[in-house]
Amino acid sequence: MVNTIAFLLIVFGIMFLIGIAMAILALYFNIKMKHPIFSIIFSIILISLICIPIQFTGGILISRCMLIIALIYSVAMIVMAVKNIRDNC
């Protein structure tokens, strides 16, 4: 049982770190105005990669707050990517 919990915590930690990396990459791509499609994809995927581990380890109240923050960040990144697509055309 302890090994299963340790394994789940490691998997959730890796998921959270990948979500943070995707958030940073989405911001980087938007600032450099490169690969707006990747930025949109990363912005959509990072919501689940950040919120699911926090819900299972931190609780529902923290997860709701983090979900709102992640949604605001994702919408901002998608809007910036769409703006970059229109500026490049």
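The values are calculated or read from the model by the stated rules, or taken from the named source; none is laboratory data. Source: prediction; values computed, not measured. A quick note on method: Cβ atoms are made from the backbone with ideal geometry, for glycine too, and the neighbour counts reach across all protein chains shown. Note: areas computed on protein heavy atoms with side chains; ligands, DNA, RNA excluded. Shrake-Rupley method; radii C 1.70, N 1.55, O 1.52, S 1.80 Å.
In this structure, is ILE5 open to solvent by 30 Å² or more (accessible area, probe 1.4 Å), more than 30 Å from ASN84 (Cα to Cα), without any contact (Cβ under 8 Å) to a residue 40 or more places away in the chain and in a helix (DSSP H, G or I)? Yes: the conditions hold for ILE5.
In the condition set (1) buried (at least 20 other Cβ atoms within 10 Å of the Cβ); (2) under 18 Å from LEU9 (Cα atoms), PHE29 is compliant with all but (2). Hey, could you check the range 38-89 for residues that are on the phi < 0 side of the Ramachandran plot and outside any helix (DSSP H, G or I) and say which is least open to solvent (accessible area, probe 1.4 Å)? This residue is GLY58.
Would you say PHE16 is under 17 Å from VAL75 (Cβ atoms), surrounded by 13 or more Cβ atoms within 10 Å (Cβ to Cβ) and touching a Leu at 6+ places or on another chain (Cβ under 8 Å)? Steps first, please.
Numbers: under 17 Å from VAL75 (Cβ atoms): no; surrounded by 13 or more Cβ atoms within 10 Å (Cβ to Cβ): yes; touching a Leu at 6+ places or on another chain (Cβ under 8 Å): yes.
When the stated conditions are applied, PHE16 does not pass them.
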